[in-house]
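Everything below concerns the one structure shown next.
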Amino acid sequence: MDRKYAQVIIDNKSSNTDRTYTYIIEPHMADDIQVGMRVLVPFGKGNRITKGLVVDIIDFPESDYQLKSIIDVIDGKPLVSKDMIELSFWMAKQYMCSYLDALKTVLPPGDFKDVKTYIIRIRINKPFLDCNITSTEKEILNIIDAHNGKVELERIKNILNTKNINKSLKKLENMGYITSQFEIKTTVEKKYEKYVSLKDRTLTKERLIDVVGKRSYKQLEIAEFLLSIDEIPLKELMDKTNSSLSTVKALEKNNIINIYDREVYRNPIKRDIKSYQKHNLTDEQRRCLNSILENMRNNSDVNDFLIHGVTGSGKTEIYLQLVENMIEKGKDTIVLVPEISLTPQTIDRFIGRFGNRVAVLHSRLSHGEKFDEWRKIEEGKVKIVIGARSAIFAPFKNLGLIIIDEEHESTYKSNMNPKYNAIEVAKRRCEQSGAYLVRGSATPSVESYYQCKENNIMLLSLEKRINNKKLPHIKIVDMREELNSGNNTIFSRELYNSIKENLENKRQTILFLNRRGYSTFVSCRKCGYVIKCNDCSISMTYHLGENKLKCHYCGLTITPPKICPVCKSKYIKYFGVGTEKVEEFTKKLFPNAVVKRMDMDTTSRKGSYDLIIEKMKNNKIDILIGTQMIAKGLDFKNVTLVGVIAADTTLNLPDFRASERTYQLITQVAGRAGRGEFEGKVIVQTYNPEHYSIQCAKNYDYSGFYNKEIMLRKEFLYPPFTNLISIVIYGEDNRLVAIKSREVYNVLIEEIQNMELYDILKDIIGPYPAPLEKIKNNYRYQILIKCTDEHIDKLKDIIKWVCILNKKKIDLDDVKFSIDVNPNSIL
Ligand code: ADP
Ligand code: ZN
Ligand code: ZN
């Protein structure tokens, strides 16, 4: 038998070892080793025994100079499929990251070296009559039975004192005697929360008055509230009854209630989810669904669809019915949503319709929970995965469909290594598995829409809201005129009057501002000094609640100075408006309204987000103020007014996507209004009323916006007409970073010239101090390169050669690189 060789990736952080190593597969092991299995290999000079992952098996090594042999196979089945390994290698190239970083996205959550394989006995009662069972196989079954039907693979090997049992295991598995399972050791700490319940569950309302006393109104109210429930988390009780801790404690002291710790199970889905009935599709929905299904049926070469449907046009129902179709075909579906915690309603609908066939992946799961969800998918126990960006790596083996909701959202691009774009990864997975891609948005990204016109992507439109509900009327208010007529408050007269009217009609209002905190910057009126974060070149935001200045980049928190650190004057002034100030001002203007704020500061505690949503749904809130958290996906029937406090915050960002983001945000947030019985109204306050993104948003004129924007992108050469690669060089010594980035730049230019890629030369900008000059105490210089598809691979090779492998031997000890291919923004 010919010798085979394995290509192995070693888990080692050093960039020097970020490559595959070739090992000999000894013939006695040949049947046991498959791509995707872990192996033990001797590594490095000392031949330290190290765990690695087999990523390929080849017949001829590049050179057989001093090749070593694999010592042992760890797994009985591959930990990760060939396709997924191939996908990660593609990512490493596409996004210029290390193989290891790329592989981590497709490997099980946690450290893949900690995964254990267990062999489990099934059909215990069936005696093994099969006469073609060997003595080893019989021994294996006996070992498992002696361990109560479940034993680690390692252990079997130890007992049998042999390494090669995969063949036997495979046979036993095929005969239906055993199955194998991956598990990971975790140290999941138990979590506790304070709960409250009435001591005496037999109390009646009348008796309560006797026990508590008539005059303790608040205590009585709480006790009465508790009558109707078994138990409730303390925090929730205080919130629901609007009571203080001391009142609740008083009840405990009076022996009326118990307060106790209770273990909280970290079940990914906490809420009770109602079943979500199938809707009869509208004509428009049916046409859209049928186009997709027909393409699938006819095996046409279109496998990529973009649903451009106005807010409230019922895109989710189409997704759901597509999934149903996949289930009928026995295929699996991945559903991506922008941020799992911000899209509870979409998730509820999927679970409400498909129940436990759905796995939910999100960042707040513990390691153990993540691993359990991963295993459910790997073992085929679920058919649908719904999750944020990284759910695109769900290890389905029979993938039929990928749905990407709100496809324009920037969260689909990762800004950590690997800096992948989930939409591109989705396309790649579809190519691999023959699956279909369906994206949806009311405001498709300019890039996607452009691709529809250029490539083989089918564009499907939904122009009407369900039940022909009207899209809300959008009114633009010029804040310069407000100022001229003497109104220098946050609210224009129009917005103020509309809120007032809305309150009188008992309808709900949403106020949107894309900045949290109270004042967005603090400065000295005498010398003009603006207080910036010590570690970042960014002005600090004042938070009134805590009376602190905070850096929204690194989280640094300081006490606001009373005198100017530069000129020692006392004239420190607070400027700019954040959501906290809007909240305060709104409460002052409308003292009788229930006003709540929803942003990162008010929803950091687990469950607080759900609570606000719940109250909003039940009409317990009159005015909801928030950041982009409230702009997306929410479906409240009683919201009839939406106010955009300042449309200019996104518009004025020095980024080529600023107009697009502004158009998207206005359209999305406007879409929260008028979803129920009553018509909606939107008021957009701005200092740039003539700007095309605001004008087009006002008229729901997507094509108008797109045509203008695509023209500008073409003229100034931005995506989709070019690729952008951002190279940020950073380090703690400003001078050194400047010098090194110049050196790197020169070498890059030299190499680009050597490769005769003269086109690119004119499109290299920099090195210059990055727009965010300093972050977390690191000074940053940026080189920005524009490059067409034609040359991009060559350019990446050059950058990798110079910046990552450092083949030019520049002294780069004191600087680091952050390389981003087609970044979200160039800030
Ligand atoms: P989109 O995601 O396009 O903004 P949704 O999927 O949230 O819209 O749909 C808006 C509302 O219409 C939801 O409350 C949904 O339950 C309802 N809906 C969707 N399709 C239908 C239908 N065919 N008939 C009746 N109601 C529907
Ligand atoms: Zn000063
Ligand atoms: Zn900072």
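In table form, for the structure just shown:
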read-out: Top-ranked residue of region 520-533 - restricted to ones that are without any contact (Cβ under 8 Å) to a residue 24 or more places away in the chain and assigned to a loop (DSSP other than H, G, I, E, B), ranked as farthest from ligand 1 (Cβ to nearest atom); value: 528
read-out: Residue among 240, 253, 249 that is under 30 Å from residue 204 (Cβ atoms), surrounded by 15 or more Cβ atoms within 10 Å (Cβ to Cβ), more than 16 Å from ligand 2 (Cβ to nearest atom) and among the basic types (Lys, Arg); value: 240
read-out: Extreme residue, modelled with the lowest pLDDT, among residues of region 3-55 that are within 30 Å of the chain's Cα centre (by Cα) and of a type in the set (Asp, Glu); value: 18
read-out: Helices (runs of 4 or more DSSP H) contained in region 65-178 and holding at least 2 residues more than 40 Å from the chain's Cα centre (by Cα); value: 135-146, 153-160, 166-174
read-out: Lone qualifier among 392, 318, 377, 327 - being aliphatic (A, V, I, L, M), in a helix (DSSP H, G or I) and surrounded by fewer than 22 Cβ atoms within 10 Å (Cβ to Cβ); value: 327
read-out: Residue list for region 535-591, restricted to those being farther than 26 Å from residue 773 by Cβ, without any contact (Cβ under 8 Å) to a residue 24 or more places away in the chain and either more than 16 Å from ligand 2 (Cβ to nearest atom) or surrounded by 19 or more Cβ atoms within 10 Å (Cβ to Cβ) (or both); value: 546, 547, 587, 588, 591
read-out: Criterion (assigned to a strand (DSSP E or B), hydroxyl-bearing (Ser, Thr, Tyr) and either farther than 30 Å from residue 242 by Cα or over 34 Å from the mean Cα position of the chain (by Cα) (or both)) met by exactly one of 553, 542, 574; value: 574
read-out: Number of the condition not met by residue 565 [criteria: (1) part of a loop (DSSP other than H, G, I, E, B); (2) closer than 30 Å to residue 589 by Cβ; (3) touching a Phe, Trp or Tyr at 6+ places or on another chain (Cβ under 8 Å); (4) not polar (S, T, N, Q)]; value: (2)
read-out: Among (1) touching a Phe, Trp or Tyr at 6+ places or on another chain (Cβ under 7 Å); (2) part of a helix (DSSP H, G or I) - the single one residue 355 does not satisfy; value: (1)
read-out: Lone unmet requirement of (1) among the charged types (D, E, K, R); (2) within 16 Å of ligand 3 (Cβ to nearest atom); (3) more than 24 Å from residue 649 (Cβ to Cβ) for residue 562; value: (2)
read-out: Any pair with Cβ under 8 angstrom, 6 or more apart, that starts in region 468-487 at a residue that is exposed (fewer than 14 other Cβ atoms within 10 Å of the Cβ) and ends at one that is outside any strand (DSSP E or B); value: 470/674; 470/679; 470/680; 480/687
read-out: Test result for residue 522, loosely packed, with under 15 Cβ neighbours inside 10 Å, β-branched (Val, Ile, Thr), more than 28 Å from the chain's Cα centre (by Cα) and within 16 Å of ligand 2 (Cβ to nearest atom); value: no
read-out: Boolean, residue 517 is more than 15 Å from ligand 3 (Cβ to nearest atom) and either outside any strand (DSSP E or B) or modelled with pLDDT under 90 (or both); value: no
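The values are calculated or read from the model by the stated rules, or taken from the named source; none is laboratory data. Computed from a predicted model, the values in this text were never measured in an experiment. Here Cβ is always computed from backbone atoms with ideal geometry, including for glycine, and neighbour counts include all displayed protein chains.
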